[in-house]
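Participant: One structure, as structure tokens, below. Some questions next.
The values are calculated or read from the model by the stated rules, or taken from the named source; none is laboratory data. Here the structure is a predicted model, which means the values were calculated and not measured. Cβ: placed from backbone, ideal geometry, glycine included. Neighbour counts: every protein chain shown. Ligands, DNA and RNA are excluded from the accessible area calculation, which covers all protein heavy atoms including side chains. Shrake-Rupley method; radii C 1.70, N 1.55, O 1.52, S 1.80 Å.
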Amino acid sequence: MSRISIEQMRNLLKVYFIMGSNNCQQEPTHVLELALKGGITLFQFREKGTSAYTGDEKYQFAKKLQTICKENNVPFIVNDDVELALLLDADGVHIGQDDESAEMVRRKIGNKILGVSTHNLEEVEKAIAEGADYVGIGPIYSTTTKEDAKSAQGTTLIAEVRSKGIEIPIVGIGGITSENASPIIKSGADGIAVITDISLANDPRENASKLINSISI
Ligand SMILES: C=C1C=NC(C(F)(F)F)=NC1=N
């Protein structure tokens with residue numbers, strides 16, 4: 001299997017739902033099923049925080065979510081945990097700046113999807129050089145989800161990357177809702193990544209479909 005094309009990656013990034021057991025009040029598998037019905041285009045398993053699952057419990061939980069994604073033909077991405085991604089034969093991995101280098105991860109995962117969190121132009125260019133298929137840029141707006149999140153940067157970096165003619169698929173992340181999503185696409189991102197707006201919604205399905213509508217220009 002070859003590396004994913006830029007166009008296909010752009011399509012997958014439209015509404016990228018990220019979730020772990022700590023992000024939900026309802027049963028996580030039910031939230032994911034509703035989000036998929038609402039039209040999310042990509043899913044990332046991000047199991048973080050104090051009461052996060054570990055070891056076999058984490059593997060079993062991830063497998064359940066992966067099965068639901070497979071049933072809905074939506075790719076399943078694992079955050080940080082490369083070994084888990086390989087064990088599950090996940091569709092890809094997302095790493096931050098404090099994790100293994102993208103170069104090392106690319107060697108381990110072959111042609112699976114590789115995403116990298118970036119916060120400035122240098123990190124974007126490094127991610128591209130090391131084989132990333134997409135970059136996450138944020139936090140666009142202030143967020144309470146990530147404890148050690150950097151300060152909100154708006155859409156400046158997205159616009160800067162595009163003004164330099166850099167084509168890498170970009171997904172914005174951080175405090176995004178259907179109310180504030182469209183400027184992110186207008187500035188040049190291919191999609192939006194959300195946690196809370198879907199995971200803590202009274203109706204995850206409705207919020208997911210509102211997000212889809214908010215970015216459909
Ligand atoms: C910290 C993160 C930043 N960005 C992304 C993504 F949206 F996938 F690019 N995922 C993360 N886990």
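Participant: Applying the selection to region 61-82, what residues are β-branched (Val, Ile, Thr), buried (at least 18 other Cβ atoms within 10 Å of the Cβ) and more than 12 Å from the ligand (Cβ to nearest atom)?
Facilitator: Matches in region 61-82: 68, 74, 82.
Participant: When the residues of region 165-180 are narrowed to those that are in a loop (DSSP other than H, G, I, E, B) and within 24 Å of residue 113 (Cα to Cα), which ends up most open to solvent (accessible area, probe 1.4 Å)?
Facilitator: That would be 167.
Participant: Six or more apart or on different chains, Cβ atoms under 6 Å: show the pairs whose first residue is in region 114-138 and more than 21 Å from residue 90 (Cα to Cα) and whose second is of a type in the set (Lys, Arg).
Facilitator: 119/150
Participant: Report whether or not residue 85 is in contact with a strand residue (DSSP E or B) (Cβ under 8 Å, 6 or more places away or on another chain), hydrophobic (A, V, I, L, M, F, W, C), more than 14 Å from residue 112 (Cα to Cα) and buried (at least 18 other Cβ atoms within 10 Å of the Cβ).
Facilitator: Taking the combined requirement at face value, the residue does not satisfy it.
Participant: Something else about it: Name the single residue that is most open to solvent (accessible area, probe 1.4 Å) among those in region 108-121 being part of a helix (DSSP H, G or I) and not basic (Lys, Arg).
Facilitator: So the residue we want is 121.
Participant: So, one more: Would a scan of region 35-56 turn up a residue that is among the basic types (Lys, Arg) and within 23 Å of residue 148 (Cβ to Cβ)?
Facilitator: Checking region 35-56: at least one residue is among the basic types (Lys, Arg) and within 23 Å of residue 148 (Cβ to Cβ).
Participant: Mind checking which residues of region 27-81 are assigned to a helix (DSSP H, G or I) and of a type in the set (Phe, Trp, Tyr)?
Facilitator: 59, 61
Participant: Only one of 159, 181 is away from the ligand (no atom under 16 Å from the Cβ) and among the small types (Gly, Ala, Ser); which?
Facilitator: 159
Participant: Looking only at region 4-19, which residues are in contact (Cβ under 8 Å) with a residue 24 or more places away in the chain, open to solvent by 70 Å² or more (accessible area, probe 1.4 Å) and part of a helix (DSSP H, G or I)?
Facilitator: 6, 11
Participant: Can you tell me how many residues in region 182-217 are part of a loop (DSSP other than H, G, I, E, B), under 21 Å from residue 134 (Cα atoms) and charged (D, E, K, R)?
Facilitator: Number satisfying all stated conditions: 1.
Participant: Please find, among 105, 93, 124, 135, the residue that is open to solvent by less than 10 Å² (accessible area, probe 1.4 Å), farther than 18 Å from residue 47 by Cα and part of a strand (DSSP E or B).
Facilitator: 135
Participant: Moving to a separate point now. I'd like the full set of residues that are open to solvent by 40 Å² or more (accessible area, probe 1.4 Å) and part of a helix (DSSP H, G or I), limited to region 138-164.
Facilitator: 156, 159, 160, 162, 163
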